[in-house]
Amino acid sequence: MRTALLQSSGRPGSTVENLKVLDEAAGRAAAAGAGLLVAPEMFLTGYAIGDDIARLAEPADGDCADAVAETATRHGLAIAYGYPERAGDAVFNSAQLISADGTRLANYRKTHLFGCFERDHFTAGDQPVVQAELDGLRVGLLICYDVEFPENVRAHALAGTDLLVVPTAQMHPFQFVAESMIPVRAFENQMYVAYVNRVGREGEFEFVGLSTLAGPDGVARTRAGRAEELVLADVDPAFLAASREANPYLRDRRPGLYGPLV
């Protein structure tokens, strides 16, 4: 499945403009043969927008979700995107996957909040593994800081995730996560990882770009630079199956030894 990574911070504070950016990217991705487009963390509203996070937050089935579903249907590809989710009085940092026919397939709430900014504006989710079937692949969702905890990614590996989609807002000086950690996570867990970042300065943060799709051999199939960009790479189920057969990490685990770790 050809996968498109939209590296962009959109237009912080405007869901209308961000939906336009997403629609334009979906058109380019579909024209290039992509079956999935992934946008960054908090793409629909912007990340560093303070109290506007709560003001712009919507339910998982809100108006913005309907607009993304319409975009997905019109261009004929699935879309994963980050947004602030309103659920009663709580606001979650969430990511949603919508299929090419407009069906809401999966919604994930970030479980590991990063720093005072996120803890001040969001409630942490409590469901570590969220998955959906898409074009014969089992797609899982995490958000940014979540992927830096090896337990999270291993949980997805044990649950059979083939492609781990990670909308992110990775900031300076932590670019080593995109450069080094993501390929290692893909290798040690025998999966593809699509890590899709914001870019440029936003409020007090400087997002570093470097979005990447890494394969189960630990090799980046594509990597963006430090500017707004749409990059594409293929997720190959046959290569994944062969890699899992050749690599014994998951088979050689000894869970009985790991109790003291938690």
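The values are calculated or read from the model by the stated rules, or taken from the named source; none is laboratory data. Everything numeric here is computed off the predicted structure, so don't read it as measured data. Cβ coordinates were reconstructed from backbone atoms using ideal geometry, including for glycine residues, and neighbour counts include every protein chain displayed. Accessible surface is based on the protein model in full, side chains and every heavy atom, while ligands, DNA and RNA are left aside. Shrake-Rupley method; radii C 1.70, N 1.55, O 1.52, S 1.80 Å.
Structure notes:
- Residues that are open to solvent by 30 Å² or more (accessible area, probe 1.4 Å) and either of a type in the set (A, V, I, L, M) or touching a residue at least 60 places away in the same chain (Cβ under 8 Å) (or both) within region 6-20 comprise PRO12, VAL16, LEU19, listed in sequence order.
- Of the listed requirements (1) within 30 Å of ILE49 (Cβ to Cβ); (2) assigned to a loop (DSSP other than H, G, I, E, B); (3) out of contact with any helix residue (DSSP H, G or I) (no Cβ under 7 Å at 6 or more places or on another chain), PHE207 misses just one: (2).
- Filtered residues of region 181-203 (kept if outside any helix (DSSP H, G or I), under 18 Å from VAL235 (Cα atoms) and not β-branched (Val, Ile, Thr)): GLN190, MET191, TYR192, ALA194, TYR195
- Where a residue in region 187-204 is in contact (Cβ under 8 Å) with a residue 24 or more places away in the chain and over 23 Å from HIS156 (Cβ atoms) and its partner, wherever it lies, is open to solvent by less than 10 Å² (accessible area, probe 1.4 Å) and of a type in the set (A, V, I, L, M, F, W, C), with Cβ under 9 Å and at least six apart: VAL199/PHE207; VAL199/VAL208; VAL199/ALA224; GLY200/PHE207; GLU202/ALA169
- Residue within region 67-77 that is under 17 Å from PRO167 (Cα atoms) and open to solvent by 10 Å² or more (accessible area, probe 1.4 Å) present: no
- Any hit, region 49-62, residues being within 16 Å of the chain's Cα centre (by Cα) and buried (at least 21 other Cβ atoms within 10 Å of the Cβ): no
- Which listed residue is under 14 Å from the mean Cα position of the chain (by Cα) and assigned to a loop (DSSP other than H, G, I, E, B), from ALA178, ALA169: ALA169
- Residue check for THR168: touching a residue at least 24 places away in the same chain (Cβ under 8 Å), buried (at least 21 other Cβ atoms within 10 Å of the Cβ), under 29 Å from ARG201 (Cβ atoms) and hydroxyl-bearing (Ser, Thr, Tyr): yes
- Some residue of region 202-225 being modelled with pLDDT under 95 and at positive phi: yes
- Residue within region 30-43 that is at pLDDT 95 or above, surrounded by fewer than 24 Cβ atoms within 10 Å (Cβ to Cβ), closer than 27 Å to ALA155 by Cβ and out of contact with any strand residue (DSSP E or B) (no Cβ under 8 Å at 6 or more places or on another chain) present: no
- Every residue from region 138-153 that is surrounded by fewer than 17 Cβ atoms within 10 Å (Cβ to Cβ) and of a type outside the set (Phe, Trp, Tyr): ARG138, PRO150, GLU151
- Just one of the numbered conditions (1) modelled with pLDDT under 95; (2) in contact with a His (Cβ under 9 Å, 6 or more places away or on another chain); (3) of a type outside the set (Ser, Thr, Tyr) is not true of MET191: (1).
- Restricting LEU257, LEU261, LEU213 to residues that are within 24 Å of THR111 (Cα to Cα), open to solvent by 20 Å² or more (accessible area, probe 1.4 Å) and of a type in the set (A, V, I, L, M) narrows the list to LEU261.
- Which numbered condition VAL193 fails, given (1) touching a helix residue (DSSP H, G or I) at 6+ places or on another chain (Cβ under 8 Å); (2) farther than 16 Å from THR3 by Cα: (2)
- Strands (runs of 3 or more DSSP E) enclosed by region 84-137 - at least 2 residues per element that are surrounded by fewer than 19 Cβ atoms within 10 Å (Cβ to Cβ) and either among the hydroxyl-bearing types (Ser, Thr, Tyr) or on the phi > 0 side of the Ramachandran plot (or both): none
- Of all residues making up region 221-240, the number that are surrounded by 13 or more Cβ atoms within 10 Å (Cβ to Cβ) and assigned to a helix (DSSP H, G or I): 3
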